[in-house]
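See below for the structure under consideration.
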Amino acid sequence: MEAPWWLQASVAAAVFAYLPSYWSFKELAPGGDCRRGFQCWAGWRAVASFLFGEAKLVVEAPEKLKACPQGILAVAPHGVVSFNHALYMTDCAGWFGDGVWPVDRRDLAASFVFKVPLYREFLLFLGNVDASRRVARRVLGSGRSLFVYPGGEAEQMRAAPARHIAYWKTRKGFVRLAVEAGVPIIPSYAFGENELYAPLPVATGLRLWICRRFRVALPLGVGRWWCPLLPRKRPLVGVVGPPIPVPCVDAADTQKFDETVDEVHAKVCAAVVALFDRHKATYAHKGATLEII
């Protein structure tokens, strides 16, 4: 049965009205399309309570963080869906309301997510922009700060309950950005993220090959009530370490730049492990180990 003409016309009009937003390419702009009102919506706390039961931030050096005018917030683990991102890009745990880090920040998200209608606006309003290096440099060049998941899709594919990982051993892009701009790196670890889903061991080898070859994650997992979308109800706690100073080095001086990147990268990896160790007895268990892979 054919839909009535008025319904067809309404749908066509809605699609036509939406196209300018879809083709705006705001994800490529350093400012994106961030809506602070949306980030600070009072309902985020209720959403987090339903999803996780508890959403919490623990900041080790709050005054040092507040005094840091610009930097790169590097977070692990990515997890299957990266629900922990809500701790930092919404006010579900008081990031904005408590002024945890009162800077203008944009968060890097995979390019393909901005191809999904409506979901792209959801992410844009929450302060996300395209994760390309060109956009990241423009964000830092504009004086804004960055949020990154250094482990990205590789970390996402390896998420599993009771496994604490940071796929950072070979990931130095975020450090290169920090050295180019001379901005600090703030390490953070989200306890509970990898507990939200149980991975499904289906075509794991093939999916990992696709991830390596095309840098696209195809995670498979089940959460609450065996649902692939709704996470298990587990506490989500983001611990944030103090800023790590990073010197500014001209990339034209290749040898000095590369040496500095290696030194800073080693410091950051050691710092996130130390951060994890200081809190694991409270939010995991005292025998837990964070693997840098």
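The values are calculated or read from the model by the stated rules, or taken from the named source; none is laboratory data. Since this is a predicted model, take the numbers as computed values, not measurements. Heads up, the Cβs are rebuilt from the backbone with ideal geometry, glycines too, and the neighbour counts pull from every protein chain shown.
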Looking only at helices (runs of 4 or more DSSP H) that fall completely inside region 102-186, which ones have 2 or more residues that are of a type in the set (Val, Ile, Thr) and at pLDDT 95 or above? 133-141, 173-181
Selection count where residues are surrounded by 11 or more Cβ atoms within 10 Å (Cβ to Cβ), hydrophobic (A, V, I, L, M, F, W, C) and closer than 16 Å to Pro161 by Cα, scope region 206-226: 2
Quick check on Ala270: is it more than 30 Å from Ser49 (Cα to Cα) and among the small types (Gly, Ala, Ser)? yes
Index of the failed condition, Ala159 passing every other in (1) in contact with a helix residue (DSSP H, G or I) (Cβ under 6 Å, 6 or more places away or on another chain); (2) farther than 23 Å from Leu275 by Cβ: (2)
Failed item, numbered, when Ala288 is tested on (1) of a type in the set (Gly, Ala, Ser); (2) surrounded by 13 or more Cβ atoms within 10 Å (Cβ to Cβ); (3) part of a helix (DSSP H, G or I): (3)
If I filter region 231-267 down to residues being among the aliphatic types (A, V, I, L, M) and free of Cβ contacts under 8 Å to residues at least 60 places away in the same chain, which single residue comes out as surrounded by the most Cβ atoms within 10 Å (Cβ to Cβ)? Ala266
Could you please find all residues in region 22-80 being among the aliphatic types (A, V, I, L, M), over 13 Å from Thr90 (Cβ atoms) and part of a loop (DSSP other than H, G, I, E, B)? Ala29, Ala61, Ala67, Val80
Going through region 40-68 in order, the residues found to be without any contact (Cβ under 8 Å) to a residue 40 or more places away in the chain, of a type in the set (Gly, Ala, Ser) and in contact with a Pro (Cβ under 8 Å, 6 or more places away or on another chain) are none
